[in-house]
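The structure under discussion appears below in the form of structure tokens.
Please treat every number below as a calculation from the coordinates, not as lab data. Remember, it's a predicted structure, so these values are computed and weren't measured experimentally. Here Cβ is always computed from backbone atoms with ideal geometry, including for glycine, and neighbour counts include all displayed protein chains.
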Amino acid sequence: MNELGRRERKKRETREALAAAALRLAVERGVENVSVEDISEAADVSVRTFFNYFSHKEYAILGRDPDAGERLLRRLREAPAELSPLAALRSAIEESLDDLERDAVAWSQRAALVAESPMLLARLVMAGADDERRLAAVLAERMGVDADDPAGRLTPLLLAAASGCAIRVALEHRGATNDARPLRALVHEALDQLATGLDHGNPQGGAVRPEQRDEA
């Protein structure tokens, strides 16, 4: 392995050690009773090193990895041009779903902590919004629309948000039920429902708007 490969591996191992220590301490003590100093000591690194990887203790507990986000964006950019925006997005998130599947216990623990900690929830929402904006920008590129144009930005933003929502709902569903299907299958089922429309009670297809009801 070359020097660059060794450095990247060391960085990944350090990030994973910090995230694992942060999650373990948060589960044991509660989010509010864990400090950056506690996490750094548990991972056997300095506080300065901690901030090389995470800007907040909450991001460490959440296991936020910007490199994973960059890999997702790269896969989306490299998806075959003939794929529809949703199909390209489905293809791009496959690796992310595999990572979540391998770390299912940790993500279940994180979900439980988020439900108990307003600060952790706030950080998750902030991180998710940032991820969605970046994902939407790449989708807009693929679609040939200006992400800053009010008329063109709605669809890429909606697609980006829908993918995150599908993953979150699939994780919550599996945690709350005995559904043993792979996470990938649950996420794609959620995306299928979004793609075909959730308003099954409307035979015309699509949502019935208030003004349409008034005209009826």
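Taking the Cβ of residue 181 as the centre, find all other residues whose Cβ is under 15 Å away and add up their charges (Lys, Arg: +1; Asp, Glu: -1).
Taking every other residue near residue 181 into account, the sum is -4.
Rule-of-thumb check for the range 1-64: C-alpha Rg over 2.2 N^0.38 Å?
In units of the globular-protein estimate, the range 1-64 measures up at 1.12.
For the range 65-199, give the magnitude of the charge dipole about the Cα centre (Cβ charges: +1 Lys/Arg, -1 Asp/Glu; no others), in debye to the nearest 20.
Computed charge dipole of the range 65-199: roughly 100 debye.
Starting from the Cα of residue 116, step 7 Å along the direction of its Cβ; do the same at residue 185; then give the gap between the two resulting points in nm.
3.2 nm
Can you give the FRET efficiency for residue 195 and residue 95, using 1/(1 + (r/R0)^6), R0 = 25 Å, r = Cβ-Cβ distance, to the nearest 0.05?
0.75
What residues of the range 121-154 lie in the reach of a label at residue 74, counting those whose backbone N is under 17 Å from a point 7 Å from the Cα along Cα→Cβ?
So the set is 135, 138.
Compute the long axis of helix 3-29 from its Cα atoms, compare it with the longest principal axis of the Cα atoms of the chain, and write down the angle in degrees, 0 to 90, nearest 10.
90 degrees
Based on the alpha carbon coordinates of the chain, what radius of gyration and maximum Cα-Cα distance (Dmax) apply, in Å?
19.9, 70
Per-residue ellipticity at 222 nm for the chain, helices alone: DSSP H runs ≥ 4 residues times -39500 (n - 2.57), over residue total, nearest 500 deg cm²/dmol?
About -23500 deg cm²/dmol.
P(r) tail for the range 33-83, what percent of Cα pairs lie past 16 Å?
Counting pairs separated by more than 16 Å, the tail of P(r) holds 51 percent.
Could you pull out every residue, at least 5 positions away or on a different chain, whose amide H is within less than 5 Å of the one on residue 79? Hs are placed 1.01 Å off N in the peptide plane, and Pro or chain starts have none.
Distant-sequence amide H within range of residue 79: zero hits.
Run the numbers for residue 154 and residue 33: contour at 0.36 nm per residue of separation, minus the present Cα-Cα distance, in nm.
Working it through step by step, the gained length comes to 39.5 nm.
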